[in-house]
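Following: one structure in structure tokens, then a few remarks.
The values are calculated or read from the model by the stated rules, or taken from the named source; none is laboratory data. On a predicted model such as this, the values are computed, not experimentally measured, just so you know. Cβ atoms come from the backbone with ideal geometry, glycine included; neighbour counts cover every protein chain shown.
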Amino acid sequence: MVFFVIWGILYEGGEDAPWITAGVAGSVMVVAAVVVREIVLRNARRRYLSAQNRLDRNLTRFSRSRSRSVGRKLSIAENELMLAHIARKADAADTLGSLVEGHREVFVLCDDYLELTARELSRTDINSPRFVAMRKGRKTVRRLHRRHLLDWTELESRSILERAKRESSSEARAVAAASALEIVEEAIGHYPGEQKLLESAEVLREFISTARIAGLVEEAESSEKSGDYEKAFSLYENILARIRGEDISEEEQSLLSERITEKLEEIRQKRP
């Protein structure tokens, strides 16, 4: 737009090669717009970080104050300060949705708030404004607690499981997946009826069981190839006995049992 306006003015004025001057002016305007935009964004970011730091410092001072005087009541202002801090952290975690630790931090903050206000409510009159404020705050925080715990659990367990799949040995895959299962089970401890968590735990248990069985099969096959049929036979028998106790689908159990039975028969024929 700037280019055409200046070009038109210079052209009407009889300027030689008006497009050169118009081009230079247009380029300058573009650069200036970029610089101004960058300055505005930096100032906005600086103001946001400054406000966040002030809030963090206020909450830190509040936490220290609370630790020095456990018996002191939680004021409405302090309650609002905690809720504002949690809300800001939740917004940041949502903005950086794939950043695992952000969701974990919000979950921990919510957990602390719910624990603190539970104690406060037990000694607060139901007609007190403090009681109403904390009850309202707890309703909001419970929603954030659940959502960010589920987000953290999903992201963290998925990341660990992906790393587990890349492990070179079956045992390493089982160990890595077991750490993901611990995270999911921690979340189930908070929300035992959450179907999504229960399904994730089931998938992880099956992955761990399959990896363990695969490790034993690899060991048995290695013994068989080296000619140690006695050891291979013993390992295959152990696998067959363990299959029913593992978290594997009935169809998979049936296929494995059939395969191991065939291997045992092959080794019987090979043994002297």
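Observations on the model:
- Any chance Arg158 is over 16 Å from Met82 (Cβ atoms), among the basic types (Lys, Arg) and assigned to a helix (DSSP H, G or I): yes
- Matching residues, the stretch 124-164, being under 18 Å from the mean Cα position of the chain (by Cα) and among the hydrophobic types (A, V, I, L, M, F, W, C): Leu144, Leu149, Leu150, Trp152, Leu155, Ile160, Leu161, Ala164
- Contact map, the stretch 232-260: residues that are farther than 18 Å from Ala211 by Cβ and in contact (Cβ under 8 Å) with a residue 12 or more places away in the chain paired with residues that are part of a loop (DSSP other than H, G, I, E, B) and among the basic types (Lys, Arg), Cβ distance under 8 Å, separation 6+ or inter-chain. Pairs shown: Phe233/Arg271.
- Residue check, Val184 buried (at least 18 other Cβ atoms within 10 Å of the Cβ) and either at pLDDT 90 or above or farther than 30 Å from Leu116 by Cβ (or both): yes
- Residue that is buried (at least 18 other Cβ atoms within 10 Å of the Cβ) and either in a helix (DSSP H, G or I) or not β-branched (Val, Ile, Thr) (or both), where the choices are Ile248, Ile239: Ile239
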